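K.L.:
Mind having a look at this structure? Questions to follow.
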Amino acid sequence: MSELPEPLSGTRLQVVLPDESPDMPVSTLVDLGVRAEALGVETLWLPDHLLPPEPYGTTFGGVYEPLVTLAYLAARTHRVRLGTSVLVLPMRDPFVLAKQVATLDRVSRGRFTLGVGVGWSRKEFAALGSDFGTRGARTDEMLALLRHLFEGEGPFQGRFHSYEQGVFAPRPAERIRLMVGGGSPAALRRAAEWAEEWQGLDPEPEAFREARDRLRGLTDRPVRAGVRMSWTGGEREFEEAVERFRALAACGADSVAVWFGEEKGFGERMARFAAALR
């Protein structure tokens, strides 16, 4: 195995892989992940939508189911972290999800981060028969249940999910890293209570700083503050994107996750952006 470069220093560059086209071979996705690791990218993220009301594309990503795909990526990579940005938690069965996450933690040798959100598409929730109005409350309870299954003992009693007896395995060797995405007060509260990482969705740098400061005021735990942004091509847009990354870093971003657009040209844009940050 060839020696991999160290991750980029300073504010960590992360990458949101393209997963918006049913015509893209999954091998393309994995090859981009391998290339990102070689560039020193710290984390690779995949989006999640189960049954969107419109075709997959720039609004709805997640053609390839993220947990299955990340298991494939884990077998092809060695150091880069792997995560979901974000998995729509209240659409999932928490017991099945806990089993998948614990298994993926083993498969990846502890490199998996479970990034979660409450979701926003009322139509998608309706298509799945999932109650949109209680998604926030169910997310809170599911986070508690996941931590209980990973780290606790005995029964669990909740409003939406309970069990009296059962054995959960495999137990994670170390604490599963959780990331909460979103800029709402509820998302910041969840990150403060449950997560090791928070990820805002492309706010202006000063707005990011304000949200980060609110997060810091909600917990004494060390929760990393990250953010997502995009650059999909164009010379002037490239300069603006690099400057935006630097501005977010100056405002205290521990990491910036960048989506580089459709798969055609994604690798070249990613490599150029990474080179500009060195």
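The values are calculated or read from the model by the stated rules, or taken from the named source; none is laboratory data. It should be emphasised that the depicted structure is a prediction, and the values quoted were computed from it without experimental measurement. We place every Cβ from the backbone using ideal geometry, glycine too, and count neighbours over all the protein chains shown. Please note that ligands, DNA and RNA were not included when accessible areas were found on the heavy atoms of the full protein model with its side chains. Shrake-Rupley method; radii C 1.70, N 1.55, O 1.52, S 1.80 Å.
K.L.:
At 7 Å along the Cα-to-beta-carbon direction for both R214 and E243, put a label point, then send me their distance in nm to one decimal.
P.N.:
Computed distance between label sites R214 and E243 equals 2.7 nm.
K.L.:
Tell me, what HN-Hα J-couplings in whole Hz come from the Karplus equation 6.51 cos²θ - 1.76 cosθ + 1.60 at θ = phi - 60° for each residue of the stretch 212-226, using x for Gly and Pro?
P.N.:
Per residue, the Karplus-derived 3J(HN,Hα) values read 4, 5, 5, 4, 4, x, 9, 8, 8, 6, x, 9, 5, 10, x Hz.
K.L.:
Considering only A192, A173, A211, give the residue with the highest GNM mean-square fluctuation for the chain, with springs between Cα atoms whenever their separation is below 10 Å.
P.N.:
Sorting by GNM fluctuation, first place goes to A173.
K.L.:
I'd like the Karplus ³J(HN,Hα) series for the stretch 254-268: coefficients 6.51, -1.76, 1.60, θ = phi - 60°, whole numbers in Hz, and an x wherever there's a Gly or Pro.
P.N.:
Values, residue by residue: 6, 8, 10, 9, 10, 9, 9, x, 5, 5, 5, x, 4, x, 5 Hz.
K.L.:
Separate question: Treating only the Cβ atoms of Lys and Arg (+1) and Asp and Glu (-1) as charged, compute the dipole magnitude of the chain about its Cα centre; round to the nearest 20 debye.
P.N.:
Values: 35 positive and 39 negative charges, 120 e Å.
So the dipole magnitude of the chain works out to roughly 580 debye.
K.L.:
Ordering R246, R278 from largest to smallest accessible area (1.4 angstrom probe), what's the sequence? If you can, show how the numbers build up before the last one.
P.N.:
Numbers: R246 120, R278 165 Å².
The ranking, largest first, comes out as R278, R246.
K.L.:
Okay, next question. Using only Cα atoms, figure out Rg for the stretch 161-264 and give it as a multiple of 2.2 N^0.38 Å.
P.N.:
On the way: Rg = 17.1 Å, N = 104, 2.2 N^0.38 = 12.8 Å.
With N residues counted in the stretch 161-264, Rg over 2.2 N^0.38 Å equals 1.33.
K.L.:
Along Cα→Cβ, 7 Å out, is where each label goes; now give me the distance between the ones at E204 and E151 in nm to one decimal.
P.N.:
Spacing of the two 7 Å Cα→Cβ label points: 3.8 nm.
K.L.:
Quick one: of the DSSP bridges fully inside the chain, what percent are antiparallel, nearest 5? Don't jump to the answer; show the numbers that get you there.
P.N.:
Details: 1 of 34 bridges.
The antiparallel proportion sits near 5 percent.
K.L.:
Provide the per residue accessible area, probe 1.4 Å, for the chain, rounded to a whole number of square angstrom.
P.N.:
Numbers: 12600 Å² over 278 residues.
Solvent-accessible surface per residue comes out at 45 Å².
K.L.:
With r defined as the distance between the Cβ atoms of K99 and A38 and R0 fixed at 35 Å, what FRET efficiency is calculated, to the nearest 0.05?
P.N.:
Values: r = 32 Å, r/R0 = 0.91.
So the FRET efficiency works out to roughly 0.65.
K.L.:
Taking R0 as 51 Å, what's the FRET efficiency between A127 and R278 from their Cβ-Cβ distance, rounded to 0.05?
P.N.:
Values: r = 45 Å, r/R0 = 0.87.
The calculated FRET efficiency here is 0.70.
K.L.:
Might you report the magnitude of the Cβ-based charge dipole of the stretch 34-173 about its Cα centre, with Lys and Arg at +1 and Asp and Glu at -1, to the nearest 20 debye? Walk me through the numbers before you get to the answer.
P.N.:
Numbers: 16 positive and 14 negative charges, 76 e Å.
For this selection, approximately 360 debye.
K.L.:
Could you list which residues have their amide H under 5 Å from that of W259, counting only those 5 or more apart in sequence or on another chain, with H placed in the peptide plane?
P.N.:
Close amide H contacts, sequence-distant or interchain: V16, M229, S230, W231.
K.L.:
How do 102-115, 153-166 rank on mean C-beta neighbours within 10 Å, highest first?
P.N.:
Details: 102-115: 20.4, 153-166: 11.1.
Highest to lowest by the protection proxy: 102-115, 153-166.
K.L.:
What list of ³J(HN,Hα) values in whole Hz, one per residue of the stretch 184-189 in order, does the Karplus curve 6.51 cos²θ - 1.76 cosθ + 1.60 (θ = phi - 60°) give from phi, with Gly and Pro shown as x?
P.N.:
6, x, 5, 5, 5, 4
K.L.:
A further question follows. Report, please, the projected area of the stretch 206-278 averaged over directions, based on the convex hull of its C-alpha atoms, in nm².
P.N.:
Working: hull surface 21.7 nm².
Computing the convex hull of the Cα atoms and averaging its projections yields 5.4 nm².
K.L.:
Tell me which of A275, V15, A187 sits at the most positive position along the dipole axis of the chain, charges placed on C-beta atoms (Lys, Arg +1; Asp, Glu -1).
P.N.:
A187
K.L.:
Also, quick follow-up: Counting only residues 5 or more places away or on other chains, whose amide H sits under 5 Å from the amide H of V116 once H atoms are built in the peptide plane?
P.N.:
L87, M179, V180, G181
K.L.:
Return the FRET efficiency for the residue pair T134, Y163: r is the Cβ-Cβ distance, R0 is 25 Å, and the value is rounded to the nearest 0.05. Don't skip to the end; give the middle numbers.
P.N.:
Numbers: r = 20 Å, r/R0 = 0.78.
That pair, T134 with Y163, gives E of 0.80.
K.L.:
Please report, for the Cα atoms of the chain, the Rg to one decimal and the Dmax as a whole number; what are they, in angstrom?
P.N.:
Looking at the chain, its Cα Rg and Dmax stand at 18.2, 59 Å.
K.L.:
How much of the accessible area of the stretch 84-173, probe 1.4 Å, is carbon plus sulfur, in whole percent?
P.N.:
54 percent
K.L.:
Quick one: Cα convex hull volume of the stretch 132-175, Å³ per residue? Numbers along the way, then the final one.
P.N.:
On the way: hull volume 3.3 nm³, N = 44.
Residue-normalised Cα hull volume stands at 75 Å³.
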